[in-house]
Structure formats: C-alpha cells, structure tokens
Amino acid sequence: MYKIGELSKLSKIPVKTLRYYDIEGILPPDYVDNLTGYRYYGAAKLSDCYRIIALKELGFSLREIKALFSLPKENFSEFLRSKEEELHILKKRTEERITILQNLNATLKECMSMFDIVIRKSDEIRLAYDRKIVSSQAEGEKILQHMQHTVPEAISGRRTVLIDYETEYITENFDMGFGVEITGSLPKSCGLSEKTLSFDGETANLVCPASKYEDGLRALHKYVLEHDYQITGPSCKIRYEDSTVEIKLPVAKLKGFDVNYNEELELPFENDEEAIGHWEMTDFLPCREMFHPQKQKSALIEDFVNGLYFLPGGEQYWCFGWTKGLLLSTCGYPARKSQNPYTIEKIGGETYMFIEFKGPNYYRGGRADILVFRKRDSNAYRKQDIMRKDEIPDVPADDRAILGKWNVCGLVHSPEAFDPRNPCPIIPFDALYWRSAEFLEGGAMVNQFMNQSTDSLYTDSPDVWRWVTGYVICNPRTTAGQYVLRRFEDTAYLFVQWKSGDYSFGGTEPCWYVFRR
C-alpha cells in the first residue's frame with residue numbers, strides 16, 4: 001500500500017488533486033487509517049490515475065469523469081460515443097484526440113479489460129541494473145532475487161523491473177535486463193551498474209495483476225498493432241509489492257504515408273577510412289539499446305540486404321552511396337531518397353556499424369529502424385569487383401519465333417505464377433521500368449524504358465542489350481536473363497528474367513517481365 005504522497009510521485013498527480021478526487025468520489029483510497037487519517041492506495045490505483053489523465057486530455061470534465069467512473073464498464077462505450085459526437089460538433093479538439101477516443105471505444109467493445117491501455121508520456125526510474133542472456137524465465141527470477149538482496153536496503157525502492165530486449169516470441173535464451181529501483185547512489189562494491197530507465201516518447205501502458213501478465217502483454221501488443229503504432233523499444237515489466245505489474249511499451253503513432261518525402265543525395269563527399277570495406281548484416285532492431293553482440297534478434301535480415309559495401313570515394317552501386325556519417329539510399333516502392341545516419345563502434349573485438357535506416361514507418365511519422373552490420377574486411381572494392389556476373393552462353397541468335405516488337409504487360413515471380421487476369425501482381429503497371437523490347441535479326445535489340453522522374457519513355461543505347469537463343473544479354477552488367485515463350489488462352493506471351501541491381505548486388509532471385517507481341 002502507498003501513502004497519498006507516494007501515489008502522487010508515481011502518477012504525477014498533485015497530492016492536493018488526489019485529495020480532491022477522494023472528496024468528489026472519483027478516486028477513493030483503498031484504506032484510511034482511522035487513527036491518523038492517512039489515505040493508503042494499492043498499486044492498481046495507478047490504472048485509475050492513468051485513466052483520469054487520459055480522459056482529461058481528451059476534454060472530459062471532472063463531472064463527466066465522475067459520472068463515467070460510477071457506470072458499469074459495459075456502459076462505458078455509450079458514454080464515450082456521446083462525447084465523441086460532442087467533440088465533432090464543437091470542433092474544439094484535434095483529429096488525433098478524436099482518433100484516440102475512437103480507438104478506446106472500439107477496444108472496449110472487444111474487451112473491457114483493455115480500457116487500462118493508455119498512450120502517454122512515461123516517467124524515469126533509477127535502477128541498479130544488470131543485463132544477461134538467460135536460458136529460462138526461472139533463471140531470470142533468481143537473478144532478480146539476488147539483486148534485491150545485493151542492493152542496500154537504505155536505497156532500495158519498492159519496484160523491480162524486467163526489460164525484454166527480444167523482438168520475436170521465443171521460449172528460451174532470453175536477452176533480459178534486470179533492475180531494482182534505487183533512491184540513492186549505488187555503492188561500487190555491489191557489482192551492479194546504475195541505469196536510468198527513461199521513455200523519450202509516447203508509451204503504451206497497461207496495469208494488471210501479476211497473474212494476468214501474459215494476457216496483458218498480448219493485449220498490449222494487439223492494441224498497438226491494430227491502432228497503427230510502431231514499437232520503438234523494448235517492453236518493460238514493472239513489478240510492485242502487492243503483486244501488481246505495469247507493462248510499458250515505447251511506441252510512435254503512425255500517420256499517412258508522405259509520398260513527397262525525399263532527401264538530397266548529391267552531397268560533397270567526405271572520407272571515412274573506418275567505413276570502407278564489406279559489412280555483413282547481423283540484426284534489424286527497433287532501437288540501438290536492443291542490440292546484443294551474442295544474440296541476434298530479428299529474422300527480418302533475410303528480407304533485406306545480406307551485406308553492404310562502402311566503396312572508396314563514395315562510389316555508388318545498386319541503390320547505395322555514402323559520405324562520412326551517412327548511408328545514402330534510393331530504396332523501396334515508391335522509391336525514396338534518404339540520408340541514413342551511421343555510427344561505428346568496436347564491441348568485443350568486432351567492429352559494428354549501426355545505421356538509422358529510414359524505412360516505410362519513418363515516412364509515416366515513425367522512427368528509423370536500426371540496421372546492424374559487422375565488418376568483414378576493409379578492402380577497397382570497386383563496383384566491378386562486387387558485381388555478380390553470369391557466364392554468357394556461346395550460342396547463335398537464330399530463334400525466329402521471338403523476332404519483332406513486344407510490349408510489356410506485367411511482372412511476375414515466375415512464368416508458372418502468371419495469370420492473364422492479373423499480369424502485374426508485384427507492383428502497379430505504372431511503376432514498371434521496362435516497357436518494350438524489339439528483337440532484331442543477328443542478335444541486336446531495341447529496348448524502351450520508363451524514366452520515372454520525367455514520366456517519359458527513352459530508348460537504351462544499342463550496345464547495352466543483345467540476345468542469343470534462349471537469353472537476353474545485358475553487356476555492361478554481364479548478365480544473361482533467360483526467356484521463354486508460353487501460350488495462354490491462344491495468346492503468345494514472352495517471359496524474360498529481369499536481372500537488376502537486386503540480382504547483381506543484392507543476391508536476390510530475378511523476377512520475370514511479361515510481354516505480348
């Protein structure tokens with residue numbers, strides 16, 4: 001149980017206000033000492049405090065909050081809906097607050113216990129701290145118990161903290177942070193470090209009994225995903241003496257995609273010798289803090305580049321270039337030009353690069369992802385050194401079946417996946433680069449491509465492309481893309497492998513352009 005001053009410190013609600021809430025019947029204490037008159041509150045009252053703060057931020061008066069608290073939970077939805085209508089009529093609140101109200105209302109319809117989820121700023125907690133990879137939850141509990149006995153009682157607070165640095169659901173070998181709240185300086189003799197647990201942005205908060213922790217964590221993640229929030233850091237489990245837990249999850253609210261966002265990439269080059277060489281991707285994380293050199297967290301690295309090269313002089317290859325402190329990229333669909341800050345650190349005898357990569361969430365008002373790379377070597381590669389090259393078939397160009405002009409109609413992962421009713425399932429037709437191909441006798445080709453920046457067609461130089469039986473050859477890249485002819489519903493289609501920079505530098509399997517004569 002907490003005195004009114006302690007609850008005030010935890011909730012950031014002034015003592016005077018808490019007394020007023022008691023008098024008004026909004027937030028009565030759980031126990032009042034008849035002898036001293038002291039009010040005592042259980043840790044679960046934090047849930048009510050956060051609820052009051054959220055409702056006040058949404059424009060509810062104390063009279064309305066009191067009326068709401070007096071209702072059964074099943075009537076909350078109707079009460080909230082009427083307030084939403086009032087906000088729309090008066091037009092005195094922002095669109096974001098209305099959205100929050102709608103989200104709360106929708107959540108109540110699904111599960112009344114979810115009402116305790118509140119998105120708000122969070123406070124700092126000073127901790128005696130340690131971080132370890134543990135084989136099981138039971139091992140983690142033993143570590144935390146040992147820490148509680150290690151921290152001097154005179155400076156030990158009433159809360160303990162578990163920080164989950166994992167990004168995926170796992171059942172063993174957890175990367176965990178362990179903390180015991182402290183109120184004074186930590187003696188060096190105890191063998192623990194000090195850490196201030198802070199949340200520099202919005203945080204999704206949920207308070208529940210310790211026995212409901214797993215259900216609460218799932219509910220919190222479900223809420224965040226369904227209401228368009230990006231997770232920006234590790235989840236924290238704060239435990240109180242009365243078997244109540246508070247779950248905190250750092251988040252950022254996502255908005256509409258900024259289709260016009262681009263950054264200048266034509267920057268003066270500044271050298272960084274430490275960056276030059278080949279870097280192998282090792283992790284993909286919401287924030288730098290979650291990295292551990294002995295514990296890869298994310299499986300998403302298989303969906304990204306398997307490595308990066310920083311070429312001397314900032315030479316650009318594929319969709320990447322660089323200058324000191326910045327990876328310059330043109331990535332994604334639609335393609336975005338981004339300046340992605342990087343830092344280099346030496347950890348455990350290895351050299352790591354941390355790149356703040358501006359992916360899709362960033363363009364929706366979220367945070368940059370953290371891409372982690374480990375240095376493999378410091379060689380001064382050139383573009384031609386790292387390009388994947390094919391063995392060019394030594395066969396003549398004598399396939400008369402493909403002579404003539406063909407127009408692009410789609411892009412597929414393979415000829416077997418082609419459906420004439422949906423010829424372009426990967427990206428919209430307007431985004432396609434290759435637009436027509438003319439096969440001439442003797443192996444010459446005339447190819448037209450779309451200049452996306454000017455929205456106009458151009459014809460490639462005649463020395464770039466040629467063909468031989470069964471293959472289309474790109475001379476500068478030394479690639480040989482197969483072609484095959486297929487008929488669907490009495491119509492002839494030509495499929496040509498597209499070996500772009502994704503193939504030459506990224507190591508991915510090529511897609512197939514689809515042509516009709």
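Annotations for the structure displayed:
Rundown of residues vs (1) at pLDDT 80 or above; (2) part of a helix (DSSP H, G or I), yes/no style:
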residue	(1), (2)
GLY37	no, no
TYR40	no, no
ALA54	yes, yes
LYS66	yes, yes
GLU85	no, yes
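- Of all residues in the range 128-146 being of a type in the set (D, E, K, R) and part of a strand (DSSP E or B), the one that is most open to solvent (accessible area, probe 1.4 Å): LYS132
- One residue stands out in the range 374-409 among those that are acidic (Asp, Glu) and outside any loop (DSSP other than H, G, I, E, B): the one that is farthest from GLY481 (Cα to Cα), namely ASP377.
- Breaking point among (1) at pLDDT 75 or above; (2) assigned to a loop (DSSP other than H, G, I, E, B), for ARG81: (2)
- Among residues of the range 147-191, those that are within 19 Å of GLU246 (Cβ to Cβ), open to solvent by 30 Å² or more (accessible area, probe 1.4 Å) and outside any strand (DSSP E or B), counted: 2
A quick yes/no check of all residues on (1) over 30 Å from GLU273 (Cβ atoms); (2) open to solvent by 70 Å² or more (accessible area, probe 1.4 Å); (3) touching a Cys at 6+ places or on another chain (Cβ under 9 Å); (4) not basic (Lys, Arg):
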residue	(1), (2), (3), (4)
PHE320	no, no, yes, yes
THR330	no, no, yes, yes
PRO341	no, no, no, yes
GLU345	no, no, no, yes
TYR352	no, no, no, yes
GLY359	no, no, yes, yes
PHE373	no, no, no, yes
ASP399	yes, no, no, yes
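- When the range 192-213 is filtered for residues that are of a type in the set (A, V, I, L, M), open to solvent by 30 Å² or more (accessible area, probe 1.4 Å) and in contact (Cβ under 8 Å) with a residue 40 or more places away in the chain, only LEU192 remains.
- For the range 280-319, the candidate set comprises residues that are aromatic (Phe, Trp, Tyr) and modelled with pLDDT under 95; within that set, the residue that is nearest to PRO268 (Cα to Cα) is TYR317.
- Residue within the range 270-280 that is over 17 Å from MET353 (Cβ atoms), among the acidic types (Asp, Glu) and touching a residue at least 60 places away in the same chain (Cβ under 8 Å) present: no
- Pairs where the first residue, in the range 152-178, is free of Cβ contacts under 8 Å to residues at least 40 places away in the same chain and the second is of a type in the set (Lys, Arg), C-beta under 9 Å, 6+ apart: GLY157/ARG126
- Residue match in the range 204-212 (condition: among the polar types (S, T, N, Q), within 24 Å of LYS45 (Cβ to Cβ) and assigned to a strand (DSSP E or B)): yes
The values are calculated or read from the model by the stated rules, or taken from the named source; none is laboratory data. Since this is a predicted model, take the numbers as computed values, not measurements. No Cβ is skipped: glycine too gets one built from the backbone with ideal geometry, and neighbour counts run over all protein chains shown. Protein only, heavy atoms only, side chains kept; ligands, DNA and RNA dropped before computing areas. Shrake-Rupley method; radii C 1.70, N 1.55, O 1.52, S 1.80 Å.
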